[in-house]
1. Which of rounded, prolate, oblate describes segment 1-91, given a ≥ b ≥ c as roots of the alpha-carbon gyration tensor eigenvalues and a/c under 1.5 marking rounded, otherwise prolate only if a/b is larger than b/c?
2. Per residue of the chain, what 222 nm ellipticity follows from adding -39500 (n - 2.57) for every DSSP H run with n ≥ 4, rounded to the nearest 500?
3. Heavy-atom accessible area per residue, segment 193-233, 1.4 Å probe: how many Å²?
4. Place a point 7 Å from Cα of R167 in the direction of its Cβ. Which residues in segment 124-143 have their backbone N less than 14 Å from it?
5. Of all trypsin sites (Lys or Arg not before Pro) in segment 98-144, which ones are in loop regions per DSSP and have a Cβ with at most 15 other Cβ atoms within 10 Å?
6. Label segment 153-248 by shape, choosing from rounded, prolate and oblate, from the square roots a ≥ b ≥ c of the eigenvalues of the Cα gyration tensor; if a/c is under 1.5 it is rounded, and otherwise prolate applies when a/b is larger than b/c, oblate when it is not.
7. Take every DSSP beta bridge whose two residues both sit in the chain, then give the antiparallel share in percent to the nearest 5.
8. So what is the relative contact order for segment 206-298, in percent, with contacts set as C-alpha pairs under 8 Å and at least six apart?
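The values are calculated or read from the model by the stated rules, or taken from the named source; none is laboratory data. Please read these numbers as outputs of a predicted model, since none were measured by experiment. Ideal geometry is used to build each Cβ from the backbone, glycine not excepted, and the neighbour counts take in all protein chains shown. Accessible surface areas use protein heavy atoms only, side chains included; no ligands, DNA or RNA. Shrake-Rupley method; radii C 1.70, N 1.55, O 1.52, S 1.80 Å.
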Amino acid sequence: MEFINYMQPSYDNNEIEAVTRYINSGAWLTEFKETRSFEDSISTYTSSKYCSVMANGTVTLIASLMAMGIKAGDEVIVPDFTMSATSHAAAILGAKPVFVDVEPSTLCMDFEQMQKAVSEKTKAVIFVDLNGRYAKKFDEIIDFCKAKKLWLIEDAAQALGSTYNGRALGTFGDVGSYSFSMPKIITTGQGGAVVTASDELYEKLLRIRDFGREKAGSDHYMEIGANFKFTDLQAVIGIEQMKKMPDRIIRKKEICKKYDEYLSGIDKVTIFENNYEDTAPCFYEVLCDQRDGLIDFLKSKNIGARKFYPPLHSEPAYCIHESYPVTEDISAKGLWLPSSVLLTDEQIKYICDCIAEFCKAN
Ligand SMILES: *Cc1c(COP(=O)(O)O)cnc(C)c1O
């Protein structure tokens, strides 16, 4: 039996033909018209005024913070439970990430904890739409940031295709950031995008991603920037992947509902409640007290599963000796089950049967 990967990319002849056509057209490979067209497809899809595509979903966060003027000594509020890029983006600029615990039901930043984390040095909040969800008090968080004049970055790396009040997640802050790395709903190998409605931030982002140049081709440097640019070779793949979004959203939701159905009767695993009207989860997540044993067992059955992120505050890179009980609890018990759009219904059934077998014996 073939190994069932926890995640894998999906593409077909459309991507292959698009790359071939592009290469045969005398491609310059670097970013140009195809990248602009990929940006247009993302701004149209999310109903955003502007979109700037960059090398990945980490530099989109760094560039966003730079465009907001975040610098050494500033504080940036981030959730303790997230992919490391969220907090690293602030730390790499010399700013201090201030960790906040998450809500147990959504795994998104907790509004009460967030308010407590604000100091005079706080300049920005990075809210993570974890697995395509928003916080229960999402409106309060947005209003609070506005009232306190804090920049709000929505790290929507896991949320392309998910919505809140009918609007794309990623469009609720001053900027939204998406990622097109392999595990995300669409992929270009590496890649990221920033969306914004702000003329000022957009213009800064364009300069920051291109060495601080006044405009493309110019040798005037208006500010310090870097090379965060994309390539047209990736963009032609991205354009094809975007066309698949409607089908992928349907399939992601179907996969999760199947898992919900099979796993809801097993009391040793806890499943999460998703509002599938709004949320197209990237991954299927469960909690299990014997998480590590379950992962090993699944591996022996040719099934790839992955542990949740660690509580970031306690990692050697941060070494903060404080308690974040929700993150600590779910990080110790959480795992992601195979969630690629290529997963078949039979595979989901097999995976759930294996989980039931493990739970019965342990
Ligand atoms: C994937 C991810 C990122 C980083 O994106 P890359 O494209 O891998 O750099 C940032 N934040 C979150 C929440 C992610 O899931």
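1. Note, shape of segment 1-91 comes out oblate.
2. -11500 deg cm²/dmol
3. With all protein chains present, segment 193-233 gives 54 Å² per residue.
4. Under 14 Å, as judged by backbone N against the label point of R167, lie 138-143 of segment 124-143.
5. Passing sites in segment 98-144 are K121, K136.
6. Since a/c reaches 1.5 but b/c is at least a/b, the shape of segment 153-248 is classed as oblate.
7. That works out to approximately 60 percent antiparallel.
8. Over segment 206-298, the number comes to 17 percent.
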